[in-house]
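To start, the structure itself, in structure tokens.
The values are calculated or read from the model by the stated rules, or taken from the named source; none is laboratory data. These numbers come from a predicted model, not from an experiment. So basically every Cβ, Gly included, is an ideal-geometry build from the backbone, and we count neighbours across all protein chains shown. The protein model used for the area step is the full one, side chains on, heavy atoms only, and it has no ligands, DNA or RNA in it. Shrake-Rupley method; radii C 1.70, N 1.55, O 1.52, S 1.80 Å.
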Amino acid sequence: MATGISRIAAEELKELSQFWSERGDTLSLYFKAPAAPADLSGREDRIHAKDKMKETLGKLRGTAPVDRRDIERVLNTVAEMKGNGGRAKVIFACARGSIWREYDVPGDLSLRVDAGCAFTLAPLIAQQQSRRRYCIALADRNRARLLLLEGREIFEHSQVLDEEREKIRTTGARKSGHLERKIEEDAKRHFAFLADHLLRFYEHKDYDNLIVGCRDDMWPGIEAELHPQIRRVLVGHFTIDPGLATCEEILEHAQAIVDEKDREDESRLVDRTVGAAAADALGAIGLKAVIDALEKGEVRTLLWAGQSSRHGACLCDNCGHLDGDGPQACTLCGARMRQFSDAEEALLRHALGRSIEVRQLHFAKLPPPDGIAAWLRYRADTNTAQALAS
């Protein structure tokens, strides 16, 4: 089974994260045009989205040192987009540094245009890390279909099931207890066949979670055959006719389940983090507390609000030391500190390569004013106190 959409290489992201321009002439663009329009209203939406982007870029001409060649190239690139297959366009450019990186990425990324000393990477890296692959299994007594949903894009992979079984034929058959039992036994074997393949694909890391689509009367039989390991990653099922369903219909049903799961996961994570911070346990709320936790190596998951925090932070390019107060020199090694206007950009660069998950929130809210929090692996001060007490 194919593993879905490729991700941007970690080495490439790290290279972009290390680039710095003292002139402040880097350009970062996130833009998603509406899908290719089917009617006049759709075409108007697409034109409006592009006009808004052009207006935002136009303001940079007089207010930022971004090279005009970069702005013109971005404008031309976006002008040529015709829906972009529903994907967002992400561009990082700096003509003086001979950098032009252009990506088409799945999922929802809001319009954002930034100019500064460093590229705006937080939305892209968070989207890459949080993007999960959902296997969608459709089944009835006769057939099975497999699809992969990732970043709001869906791909069918039914050919991998190629079971080479003769379909159950009941047309014109005389009803009898024997026939009914045979139908049920064949259906059970069919569902077991599907369940075995779902387990094998999961063990091969072809997907992260499972969603099942079937008619209501089929669900108990399918569920009964699922391996316990697969039941743990099952996030829901929906009602549909596997034989007649189009990819668009399947996507609509499955994405609704995914969105609800994301809302629940975010809410649970934020509630747990806020509650733990209040109890002086495995939670940190606010920029100062999160920087302190990052410096101690305590952070498991770094969280920030859906919009930019607009609180600054400093990062030492030499030793990775973080500071929120804007010192010119690192207090640890004396090297020059880099000032980021958005704190999450500094925190994210510190987190890269340190096995720290990063999550940009889209549904749940964090306490003001910073909109930054962290779920911790441990509390160094608590562990130290416990060790001394023992």
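Filter segment 134-157 down to the residues that are out of contact with any Ser or Thr (no Cβ under 8 Å at 6 or more places or on another chain) and more than 19 Å from residue 255 (Cα to Cα), then identify the one that is modelled with the lowest pLDDT. Within segment 134-157, the match that is modelled with the lowest pLDDT is 142. Among the residues of segment 298-342, the ones that are under 21 Å from residue 368 (Cα atoms), among the acidic types (Asp, Glu) and modelled with pLDDT under 90 come to 1 in all. Of the candidates 269, 226, 251, the single residue that is at pLDDT 95 or above and under 26 Å from residue 346 (Cβ atoms) is 269.
So that you can scan it fast, the table gives a plain yes or no per residue for (1) in contact with a Lys or Arg (Cβ under 7 Å, 6 or more places away or on another chain); (2) outside any helix (DSSP H, G or I); (3) among the basic types (Lys, Arg):
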| residue | (1), (2), (3) |
| --- | --- |
| 256 | no, no, no |
| 262 | no, no, no |
| 303 | yes, yes, no |
| 306 | no, yes, no |
| 320 | no, yes, no |
| 325 | no, yes, no |
| 339 | no, yes, no |
| 344 | no, no, no |
| 354 | no, yes, yes |
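Against the condition surrounded by 16 or more Cβ atoms within 10 Å (Cβ to Cβ), at pLDDT below 95 and of a type in the set (D, E, K, R), how does residue 292 come out, does it pass? Criteria not met by residue 292. The condition of being among the aromatic types (Phe, Trp, Tyr), outside any strand (DSSP E or B) and touching a residue at least 40 places away in the same chain (Cβ under 8 Å) holds for only one of 92, 119, that being 119. Exactly one residue out of 344, 298 is over 30 Å from residue 151 (Cβ atoms) and surrounded by 17 or more Cβ atoms within 10 Å (Cβ to Cβ): that is 298.
Scan segment 19-38 and tell me whether some residue there is at pLDDT 90 or above and touching a Leu at 6+ places or on another chain (Cβ under 7 Å). The answer is yes; a qualifying residue exists.
Restricting attention to segment 47-83, report how many residues are in a loop (DSSP other than H, G, I, E, B), at pLDDT below 80 and of a type outside the set (D, E, K, R). Count: 2. Which of the residues that make up segment 104-125 are open to solvent by less than 10 Å² (accessible area, probe 1.4 Å) and touching a Leu at 6+ places or on another chain (Cβ under 8 Å)? Within segment 104-125, 105, 119, 121, 122, 124, 125 qualify. For segment 212-233, filtered to residues that are loosely packed, with under 11 Cβ neighbours inside 10 Å and more than 17 Å from residue 135 (Cα to Cα), the residue that is farthest from the chain's Cα centre (by Cα) is 217. So in segment 199-241, with the set limited to residues that are touching a residue at least 60 places away in the same chain (Cβ under 8 Å) and assigned to a helix (DSSP H, G or I), which one is farthest from residue 151 (Cα to Cα)? Of everything passing the filter in segment 199-241, 218 is farthest from residue 151 (Cα to Cα).
State whether the residues of segment 266-287 include one that is free of Cβ contacts under 8 Å to residues at least 60 places away in the same chain, open to solvent by less than 30 Å² (accessible area, probe 1.4 Å) and in a strand (DSSP E or B). No: zero hits. Among the residues of segment 129-153, those identified as open to solvent by 20 Å² or more (accessible area, probe 1.4 Å) and outside any loop (DSSP other than H, G, I, E, B) are 129, 130, 133, 145, 153.
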